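The values are calculated or read from the model by the stated rules, or taken from the named source; none is laboratory data. Keep in mind it's a predicted model, so treat the numbers as computed, not measured. Cβ coordinates were reconstructed from backbone atoms using ideal geometry, including for glycine residues, and neighbour counts include every protein chain displayed.
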Amino acid sequence: MASFVTEVLAHSGRLEKEDLGTRISRLTRQVEEIKGEVCSMISKKYSEFLPSMQSAQDLVTQVDKLSDDIDQLKSRIESEVRRDLHVSTAEFTELKQQLERDSVVLSLLKQLQEFSTAIEEYNCALAEKKYVTAAQRLEEAQKCLKLLKSRRCFDLKMLKSLSMELTIQKQNILYHLGEEWQKLIVWKFPPSKDTNSLESCLQTELHLCSEQSHKEEKTPVPPISSVFLAFSILGELHTKLKSFGKMLLKYILRPLASCPSLYAVIESQPNIVIFRFESVMTDLEHPSPSEVFAKIRLVLEVLQKHLLGMCPQGSVFIFWKSKYQHSFSLPTCRISESVKKLMELAYQTLLEATTSSDQCAVQLFYSVRNIFHLFHDVVPTYHKENLQKLPQLAAIHHNNCMFLAHHLLTLGHQFASRLAPILCDGTTTFVDLVPGFRRLGTECFLAQMRAQKGELLERLSSARNFLNMDDEENYSAASKAIRQVLHQLKRLGIVWQDVLPVNIYCKAMGTLLNTAISEIIGRITALEDISTEDGDRLYSLCKTVMDEGPQVFAPLSEESKNKKYQEEVPVFVPKWMSFKELMMMLQASLQEIGDRWADGKGPLAAAFSSSEVKALIRSLFQNTERRAAALAKIK
């Protein structure tokens, strides 16, 4: 009889409901008991400083077991008893709310566990002088404590003890980092207090030590770099660099800028880099601006290389004027033979003017100016149609203008002292022509860029807005449009290869590829309904762009030298990472999308706004409770 009643009650759901209530009540009591034990253990460890390693491990085991029990109950409520919710909705809702409250408390207990683990790992890392790891663990502990304070479920006295422990440990690692800083960056000054004299400067040295500690990270990292990174994680790098920068300015950069005879000597040895000065005889009272910039640049470049762990070993860099004779050089590019001859004619004419009579010299000088005026006014008009139609010609014209502007900067200065006195009153200059030539070259190339952008957008307009990709005709049209865009970009890449300077080439190709990608992103995000098959085919189209897009970055004819530019696509294409996130969403589940969003802090949030992500979720997924829950998390 009892078994019959039990069977009837089980069938009606009452026994199941009572069983759930009993289990949840028992779990609640266990959670509260463990909460008390954890608080007691934390208090003993960080307030009373009593050893509690074994009890802490036991508590971790209990917390994990309770977490599994709660997950099982949640699953049971969601699945097995859903059919009876219309009978006892209120009772089951109350049980579920109680379970959620227990889950919150349990999650906070896990945060306490993570805090304690982070502090223990921090202590181990600090003892082994793994400063970066130690700083990271301290940062993790800080985040755990911040979360615990925000929930306010624990005794304030205990939270105060944890905060005090965190403060003490932070000051401890800062002290050790300060000690390392003093060992790695050493200033040596002369006994004299007069630091402005030449003799004092010659005795001033800066030593940057770079000996690798055997106990440092598994991947060899120069100590200076690891110390810098640890300071950065702790938020103290700015203060240290500010102090170092003041001393660098006072004892190295200012003497180089004010004394024309001083030159920096940088000796790089296996374990140390030494900055010191050498004096060279000179008749100048003040150094020229170009020399000052070159001196300072040398120091800053070596500092940067050393601090980033890229300092060449066993070499000595000594600054001489000849070292920087090409610092004002025009970037490597291709120009017209006629422009090269034009520039040679200008130099020959001015050279002839230096040996001519005053009247003849004046005529020759202004003849040269008229040559450049004529080029500026006639060439873009005469070749207007070809400059608009031919991308390579537009690029060469851009280079021609920049080449002429580059020479015009110093052309007058080179001959000013040798021309007739009548021309030496400040009028022997061509600098006033420089902005016009730069503008002429820039406008021509930008016009070509606009034309290429127009062609790209026109090709993408035939993709039928990427609608209904499950239709073969629509998919074929979209695929054809993508192929045409990639073909156009590759053709441009070949046409401009070894013509444009590398930096201009990469910026131009990056801008055009970014235009195409932005248009594709805009069209796809505007879709209101994307079926599973549509999503798969859109992903396939995007993957074609993702795979072949980097290949358009080939500024040099030697293929092996182009690899580094192809690896830096995100630098030149601002929307590249957004495009990757879009591809992820086309194939991802709601859970994966939520993880990528990460409360507005993940990579998806960096690529798209919350409204854009919500629109994509609505178009990709059917209207279910899971979709509603996912949308609620996107804020």
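General remarks:
- Looking across the range 458-476, the residues that are touching a helix residue (DSSP H, G or I) at 6+ places or on another chain (Cβ under 8 Å) and either more than 20 Å from Gly549 (Cβ to Cβ) or touching a residue at least 24 places away in the same chain (Cβ under 8 Å) (or both) come down to Arg459, Leu460, Ala463, Arg464, Asn465, Phe466, Leu467, Asn468, Met469, Asp470, Asn474, Tyr475.
- Residue check for Thr544: surrounded by fewer than 16 Cβ atoms within 10 Å (Cβ to Cβ), in contact (Cβ under 8 Å) with a residue 60 or more places away in the chain and under 15 Å from Phe579 (Cβ atoms): yes
- Enumeration of residues in the range 551-568 that are surrounded by fewer than 20 Cβ atoms within 10 Å (Cβ to Cβ) and assigned to a helix (DSSP H, G or I): Gln551, Glu559, Ser560, Lys561, Asn562, Lys563, Lys564, Gln566
- Filtering His383, His413, His373, His398 for residues that are of a type outside the set (Gly, Ala, Ser) and crowded, with 19+ Cβ neighbours inside 10 Å leaves a single hit, His398.
- Under the condition of being in contact with a Leu (Cβ under 7 Å, 6 or more places away or on another chain) and either modelled with pLDDT under 90 or over 19 Å from Asp534 (Cβ atoms) (or both), the residues counted in the range 610-626 number 1.
- Members of the range 622-634 found to be outside any helix (DSSP H, G or I) and buried (at least 17 other Cβ atoms within 10 Å of the Cβ), listed by number: Ile634
- In the range 334-369, the residues that are polar (S, T, N, Q) and part of a helix (DSSP H, G or I): Ser338, Gln348, Thr349, Gln359, Gln363, Ser367
- Among the residues of the range 113-131, those identified as part of a helix (DSSP H, G or I) and either within 29 Å of the chain's Cα centre (by Cα) or among the charged types (D, E, K, R) (or both) are Glu114, Ala118, Glu120, Glu121, Tyr122, Ala125, Leu126, Tyr131.
- Among the residues of the range 585-602, those that are part of a helix (DSSP H, G or I) and either surrounded by fewer than 16 Cβ atoms within 10 Å (Cβ to Cβ) or among the aromatic types (Phe, Trp, Tyr) (or both) comprise Gln587, Gln591, Glu592, Asp595, Trp597.
- Residue, surrounded by the fewest Cβ atoms within 10 Å (Cβ to Cβ), within the range 259-300, restricted to residues that are among the hydroxyl-bearing types (Ser, Thr, Tyr) and out of contact with any Asp or Glu (no Cβ under 8 Å at 6 or more places or on another chain): Ser288
- Tallying residues that are β-branched (Val, Ile, Thr), in a helix (DSSP H, G or I) and closer than 30 Å to Glu443 by Cβ within the range 478-533 yields 10.
- Every residue from the range 493-512 that is aliphatic (A, V, I, L, M) and either more than 28 Å from the chain's Cα centre (by Cα) or not assigned by TED's automatic domain parsing to the domain that holds Ser461 (or both): Ile494, Val495, Val499
- Test: residue in the range 424-435 that is within 20 Å of Val571 (Cβ to Cβ), of a type outside the set (Phe, Trp, Tyr) and either touching a Leu at 6+ places or on another chain (Cβ under 7 Å) or buried (at least 16 other Cβ atoms within 10 Å of the Cβ) (or both): no
- Hits in the range 603-613 (condition: under 15 Å from Pro574 (Cβ atoms) and surrounded by 18 or more Cβ atoms within 10 Å (Cβ to Cβ)): Ala607, Phe608
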